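Written out below as structure tokens is the structure these notes cover.
The values are calculated or read from the model by the stated rules, or taken from the named source; none is laboratory data. The shown structure was predicted, so the numbers you read here are calculated from the model rather than taken from an experiment. FYI the Cβ positions are ideal-geometry reconstructions off the backbone, even for glycines, and counts take in every protein chain you see.
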Amino acid sequence: MNYTVTWLAVAEQDLATVWLAAPDRTAVALAAHRLDDTLGDDPLRFGESRQSPVHRVGFDLPLGIEFEVIEDDKKVIVQGAWLVR
């Protein structure tokens with residue numbers, strides 16, 4: 001991994017809420033793990049930019065996330081998560 005991935009407490013709570021509401025909890029857990037791996041490898045090539053090139057959203061069905069990349073520190077901060085239906 002080239003980047004350290006951190007989930008804010010609110011994003012972790014979002015993920016827990018999504019997991020509890022999901023019809024397939026295993027799919028949510030696997031998507032979260034894949035997202036961590038993807039973000040750790042090359043986050044600026046994943047997802048779409050929003051307010052700036054480093055503020056992004058990405059999807060690994062059934063999960064969507066909002067994240068920010070801090071290039072100088074090689075960090076990714078996941079700010080929110082939701083269930084994609």
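Filtering the stretch 37-78 down to residues that are free of Cβ contacts under 8 Å to residues at least 12 places away in the same chain and of a type in the set (Gly, Ala, Ser), which residue is nearest to Val18 (Cα to Cα)? By that ranking, first place goes to Ser49.
If I filter the stretch 38-52 for residues that are touching a Phe, Trp or Tyr at 6+ places or on another chain (Cβ under 7 Å), at pLDDT 95 or above and of a type in the set (Ser, Thr, Tyr), do I get at least one hit? Yes, that holds for at least one residue. For the stretch 17-27, the set of residues classified as farther than 15 Å from Gly58 by Cβ, in contact with a strand residue (DSSP E or B) (Cβ under 9 Å, 6 or more places away or on another chain) and aliphatic (A, V, I, L, M) consists of Ala21, Ala22, Ala27, listed by residue number. The strands (runs of 3 or more DSSP E) located wholly in the stretch 1-81 that include 1 or more residues which are on the phi < 0 side of the Ramachandran plot and within 11 Å of the chain's Cα centre (by Cα) occupy 4-7, 55-60, 63-70. Does Ala81 fit the bill of being surrounded by 12 or more Cβ atoms within 10 Å (Cβ to Cβ) and in contact (Cβ under 8 Å) with a residue 12 or more places away in the chain? The answer is yes for Ala81. Among residues of the stretch 7-54 being surrounded by 14 or more Cβ atoms within 10 Å (Cβ to Cβ) and β-branched (Val, Ile, Thr), the one that is nearest to Phe67 (Cα to Cα) is Val54.
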